[in-house]
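Please treat every number below as a calculation from the coordinates, not as lab data. Predicted model only: the values in this text are computed from it and were never measured. Cβ placement follows ideal geometry from the backbone for every residue including glycine, while neighbour counts extend to all protein chains displayed.
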Amino acid sequence: MYSARLLDHFQNPRNVGELEAPAVTVEVSNPICGDILRLSVRFEGDTAVEVRYKTRGCTASIAAGSALTEWIAGKTRRELAAFQPAVIDQAVGGLSAESRHAAQLCRDGVRALLRVTRAE
């Protein structure tokens, strides 16, 4: 059911945890399934230099959060603004129709992050 890459991110999640200020932390949830993603990013200038996450949810959402942190690291705010859920789908080796909400949760997290950093 899950790809080897997805299972690897689930069993060996990268960048788990939270960053302290001055990092920006956002939390988003999927009201239908109840999954929650907390994303912490520290920027130097315009570039994300450190990323952490915590997820409460299904296997796909935990794996997607891990893949998202790897994708965010080193990206500028402009690159973050171009994020599409397909990035996560590809990074984890494909998501089933039932698991695509995990990539949408990541999209919501990136959007929330950009809203907060614009307000700074």
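Here are the numbers:
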| item | result |
| --- | --- |
| Count - residues of the stretch 8-24 that are loosely packed, with under 15 Cβ neighbours inside 10 Å and not in a loop (DSSP other than H, G, I, E, B) | 2 |
| Tabulated pairs, the stretch 83-98, first on the phi > 0 side of the Ramachandran plot, second not hydrophobic (A, V, I, L, M, F, W, C), C-beta under 6 angstrom, 6+ apart or interchain | G93/S3; G93/R5; G94/S3 |
| Matching residues, the stretch 1-54, being out of contact with any Asp or Glu (no Cβ under 8 Å at 6 or more places or on another chain) and of a type in the set (D, E, K, R) | R5, D8, E18, E20, E27, D35, E44, D46, E50 |
| Odd one out for G93, checked against (1) touching a His at 6+ places or on another chain (Cβ under 6 Å); (2) of a type outside the set (D, E, K, R); (3) surrounded by fewer than 18 Cβ atoms within 10 Å (Cβ to Cβ) | (1) |
| Test for L37: is it more than 25 Å from T117 (Cβ to Cβ), in contact with a Gly (Cβ under 9 Å, 6 or more places away or on another chain) and buried (at least 23 other Cβ atoms within 10 Å of the Cβ) | no |
| Enumeration of residues in the stretch 80-120 that are in a loop (DSSP other than H, G, I, E, B) and charged (D, E, K, R) | R100, E120 |
| Of residues in the stretch 55-65 being part of a helix (DSSP H, G or I) and of a type outside the set (A, V, I, L, M, F, W, C), the one farthest from L95 (Cα to Cα) | G65 |
| All positions within the stretch 28-48 that are touching a strand residue (DSSP E or B) at 6+ places or on another chain (Cβ under 6 Å) and outside any loop (DSSP other than H, G, I, E, B) | V28, S29, I36, L37, R38, L39, S40, V41, R42, T47, A48 |
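For (1) assigned to a loop (DSSP other than H, G, I, E, B); (2) of a type in the set (A, V, I, L, M, F, W, C); (3) surrounded by fewer than 19 Cβ atoms within 10 Å (Cβ to Cβ), each residue gets a yes or a no:
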{"site": "L6", "(1), (2), (3)": "no, yes, no"}
{"site": "V26", "(1), (2), (3)": "no, yes, no"}
{"site": "Y53", "(1), (2), (3)": "no, no, no"}
{"site": "A67", "(1), (2), (3)": "no, yes, no"}
{"site": "W71", "(1), (2), (3)": "no, yes, no"}
{"site": "R78", "(1), (2), (3)": "no, no, yes"}
